[in-house]
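**Q** Have a look at this one.
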Amino acid sequence: MKADAVICGAGIAGVATAYQLVQNFGLGRVVIVDPLPPLTLTSDKSTECYRNWWPNAPMVGLMNRSIDLLEEFARQTNNAIHMTRQGYLYVTADPIRLSQMQAEAQLITALGGGPFDFYESGDELRARFPFLTPMSVGGLHARRAGWFSAQQLGAHMLDRARDRGAEVLKGTVLGVETIGDRVGVVTTDAGTVEAPIFVDAAGPMLDEVARMLGTELPVQSEVHIKVAFRDHAAVIPRSSPMMIWSDPQAIDWSPDERAWLAEQSRDDLLGVMPAACHYRPEGGAGSQWVVGLWEYHRIVQEPTWPLPEDPLYPEVVIRGLTTAVPGLSVYRDHLPQPVVDGGYYTKTAENRPLIGPLPIEGAFVVGAFSGFGVMAAAGAGELAAQIITDSPLPDYARAFSPDRYQDPNYLTEISMLTTTGQI
Ligand SMILES: Cc1cc2nc3c(=O)[nH]c(=O)nc-3n(C[C@H](O)[C@H](O)[C@H](O)COP(=O)(O)OP(=O)(O)OC[C@H]3O[C@@H](n4cnc5c(N)ncnc54)[C@H](O)[C@@H]3O)c2cc1C
C-alpha cells in the first residue's frame, strides 16, 4: 500500500489531523491505522466540554481557534454537533478564593478569554442560580464555554475525510522504517504502508509509538473517571452551566457512615478532599441525565485496561456535589443508578499538547491531549496539518512543539506556572 501520510491512531487527534490534511491542505491519500473502531478508546469517554478559559496565552489562542472551527461545523451542519454555550461556573464559599478568581479572570480576559460574569456576593450568585448553596460567597461564569457531541464532531470529520480520500486501516502499527534519513515504510499487523509522512496520534500509547522512532516523549497518564446519573427529582436545571465547586471540602458522612468507611480503610474519604468536584447537565430539555466528576485521587500509571475501580466513586461524587447543590441530598439514601466510565489523561507536566515534528524527518506527533482533547481537536488538527505541510503557523505553534523543552526560556516559564488550568 502507498499513501501520502500514515496516521497512527483514529482517536479525535488522528481523525482531526486526517480531516485537515485532505480537506484543507491538499494531501490525497491519508491512511489512519487503528486496531479499534475510530473514536472509541478515550475520545468517547470525555465529558465533551469546551472552554477558551485557560490561564496562558497559547492555550487561550488554540482553544479560541478550535471553538471558531467548532462553531463553523455547527453552522454547516445545522448544529449536528449539539453545541451549547452554557458556560463554566466556578463557585466558592471562600472570600479569599473569590478575590483570586476575580484576579485570574482579569488575566484570562486580557489573554483573549473574552467577557465573563462575576458574582461578587452569594446573594447575587443565588439570584441567578437559586439552586446553589447559601454557603457560596460568589462565583465566576466563563462564557465562551459549554459542551458538544464529540462523537458527532469526530464522525463529521471522519466522513468528510473519507469523502476526500482518507481511509481507515484496521491494524496496529508495529514499526516505522526510514528510507535514507526520513520516514519511509510503516509496518502494521495488517500489512505495510509506504509513506513519507508518519503521525503519532496514539493517545495513551503516544510514547510507546514514539519509541518505535527511537525517541521519547515527556508524557504520563492519569486515570480519570466520570459518573452519569438520572436527576429524576430535577434538582439541577437543564439550563445550568457546567458547575465547578472550587474549594476543598469534607463530606458530611453520618457517624455510621464514617465508622463503616474507617472499617473499610477508606480514610481517604474522611478528611478534607480536593477542590473541583463538578457536574454538567447531559442531553437536551427532556433529559434527566447529569454527568459528575471529581478527581479526588491522582492515579498516574502505565495505560492498562480495565481501569482501576473505586466502587464508592458514584456516591462520593454525588455527595461532593451536594455541598454545592444542597437539593441533591434527596439522593442521600436512594442513590440513582450510576453509569461509570473513564480513561486516561495523557499529558505533559505543564498540561499543554505535543503538536509538531519528531527528530526523524517526516515524523510528527499530535497528542498529550490530557483533559482538553475534544475541545482542542479541531484547532490542533489544523495546526498539525499546517506544520506537516510547512504552511504559515499561528503564534501559539511554538508553545506546543515537542522541541520546546530544549529552550531554556520555555523551561523557566513553565517552572514558574502556578496553575496548569486542569479542572
Ligand atoms: C473522564 C474524561 C473526561 C474528559 N473530559 C473532557 C472534556 O470535557 N473536554 C475535552 O476536551 N476533553 C476531555 N477529555 C479528554 C479527551 O477525551 C482526550 O484528550 C481525547 O479523547 C484524546 O484523544 P486522542 O485521539 O489523543 O486519544 P484516543 O482517543 O485514545 O485515541 C488514540 C488511538 O490510538 C490508537 N493506537 C494506540 N497505539 C496504536 C498503534 N500502535 N497502532 C495503531 N493505533 C494505535 C488507539 O487504539 C486509539 O484508538 C476527557 C477524558 C476523560 C478520560
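**Q** Say we look at the range 170-189 and pick out the residues that are within 12 Å of the ligand (Cβ to nearest atom) and more than 16 Å from residue 10 (Cβ to Cβ); which of these is surrounded by the most Cβ atoms within 10 Å (Cβ to Cβ)?
**A** Among them, the one singled out is 176.
**Q** Within the range 250-258, is even one residue farther than 21 Å from residue 297 by Cα and either of a type in the set (S, T, N, Q) or in contact (Cβ under 8 Å) with a residue 12 or more places away in the chain (or both)?
**A** Yes - at least one qualifying residue is present in the range 250-258.
**Q** Follow-up question, since we're still on this one. What pairs come up if the first residue lies in the range 41-55 and is among the charged types (D, E, K, R), the second is near the ligand (Cβ under 6 Å from one of its atoms) and modelled with pLDDT of 95 or more, and their beta carbons are under 8 Å apart, counting only those six or more places apart or on different chains?
**A** 45/226; 45/342; 45/343; 48/374; 51/375
**Q** Quick one: in the range 98-115, of everything that is touching a residue at least 60 places away in the same chain (Cβ under 8 Å) and within 13 Å of residue 87 (Cβ to Cβ), which residue is surrounded by the most Cβ atoms within 10 Å (Cβ to Cβ)?
**A** 113
**Q** Right, here's the next one. Just to be sure I understand, how many residues within the range 1-36 are among the acidic types (Asp, Glu) and either surrounded by fewer than 24 Cβ atoms within 10 Å (Cβ to Cβ) or on the phi > 0 side of the Ramachandran plot (or both)?
**A** Adding up the residues that qualify gives 1.
**Q** Collect the residues in the range 368-387 that are over 11 Å from residue 401 (Cα atoms) and either surrounded by fewer than 24 Cβ atoms within 10 Å (Cβ to Cβ) or not aliphatic (A, V, I, L, M) (or both), keeping them in residue-number order.
**A** 369, 370, 371, 372, 373, 379, 381, 382, 386
**Q** Only residues that are modelled with pLDDT of 95 or more and either closer than 23 Å to residue 54 by Cα or not in a loop (DSSP other than H, G, I, E, B) (or both): list them for the range 70-80, please.
**A** 70, 71, 72, 73, 74, 75
**Q** Which of (1) within 18 Å of residue 5 (Cβ to Cβ); (2) of a type outside the set (Lys, Arg); (3) touching a residue at least 24 places away in the same chain (Cβ under 8 Å) does residue 373 not meet, given it meets every other one?
**A** (1)
**Q** Do you know which residues across the range 216-237 are of a type outside the set (Asp, Glu), crowded, with 17+ Cβ neighbours inside 10 Å and in a loop (DSSP other than H, G, I, E, B)?
**A** Selection gives 217, 219, 235, 236.
**Q** Of the residues 192, 133, which is in a strand (DSSP E or B) and either surrounded by fewer than 21 Cβ atoms within 10 Å (Cβ to Cβ) or among the small types (Gly, Ala, Ser) (or both)?
**A** Answer to the check: 192.
**Q** I'd like to verify a number: residues in the range 200-237 that are within 13 Å of the ligand (Cβ to nearest atom) and either in contact with a Gly (Cβ under 7 Å, 6 or more places away or on another chain) or not β-branched (Val, Ile, Thr) (or both), how many?
**A** 22
**Q** What residue, of 350, 361, is more than 9 Å from the ligand (Cβ to nearest atom), of a type in the set (D, E, K, R) and over 18 Å from residue 58 (Cα atoms)?
**A** 361
Matching residues to (1) more than 21 Å from residue 41 (Cβ to Cβ); (2) at pLDDT below 95; (3) not assigned by TED's automatic domain parsing to the domain that holds residue 197:
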| position | (1), (2), (3) |
| --- | --- |
| 300 | no, no, yes |
| 328 | yes, no, yes |
| 333 | yes, yes, yes |
| 354 | no, no, no |
| 364 | no, no, no |
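The values are calculated or read from the model by the stated rules, or taken from the named source; none is laboratory data. These numbers were taken from a predicted model, which means no experiment stands behind them. No Cβ is skipped: glycine too gets one built from the backbone with ideal geometry, and neighbour counts run over all protein chains shown.
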